[in-house]
Amino acid sequence: MKHFACVLVLALAPALMAQVPGDSGAAPPADGAEAGRLRAQVRQRWAEHVRTTLGLSDDQAGKLDATERRFEEQRQPIRARQRQLNQALNAELAAQSPNEERVKQLMSEREQNQLRLQQVNRDEDREMQGYLTPVQRARYQDERRRFQRSIANAVQQQRERRQSRPAPPARPRRRPPR
């Protein structure tokens with residue numbers, strides 16, 4: 001399992017980092033072809049891993065893939081909105097005199113957005129109840145949590161590495177010829 005998680009993290013982290021913070025998930029990042037290829041690889045490896053780990057039949061695996069894709073499409077704009085709200089809230093809090101009403105509004109919107117995401121997750125789980133056994137569903141949720149933690153850790157490490165890089169040396173200015 002650890003090997004699989006490492007491979008997935010290594011494959012997905014660059015694709016996730018390629019997204020710009022305000023990306024809605026609808027438009028591909030600047031290196032869209034490479035990121036798309038990596039995402040496809042990760043989805044394939046994830047599907048194989050889940051199929052093996054949960055002991056899914058062909059029918060179950062097909063239904064699970066369709067469910068995951070459909071609900072992920074619903075989650076993407078919600079996550080994009082969450083990033084926007086977090087950025088706006090951080091910017092407001094970083095201001096010399098944060099606007100109390102604006103902070104209150106952003107916090108309320110963020111909470112509502114989180115509730116929407118939770119509802120999508122509940123709806124997805126409810127659909128999976130129709131074709132996965134309770135044991136399979138529990139194992140799926142456990143595997144998914146581990147995978148999400150691995151991705152979050154990889155993204156955080158990537159950000160930290162990027163922030164700790166020294167700035168490139170300044171280029172000397174050339175004097176115009178006299």
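The values are calculated or read from the model by the stated rules, or taken from the named source; none is laboratory data. Computed from a predicted model, the values in this text were never measured in an experiment. Side chains are part of the model used for accessible areas, which takes the heavy atoms of the whole protein and leaves out ligands, DNA and RNA. Shrake-Rupley method; radii C 1.70, N 1.55, O 1.52, S 1.80 Å.
Overview of values
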{"quantity": "Over segment 58-178: Kirkwood hydrodynamic radius from C-alpha pairwise inverse distances, Å", "calculated": "18.5 Å"}
{"quantity": "Accessible area of segment 32-99 belonging to carbon and sulfur atoms, whole % at 1.4 Å probe", "calculated": "49 percent"}
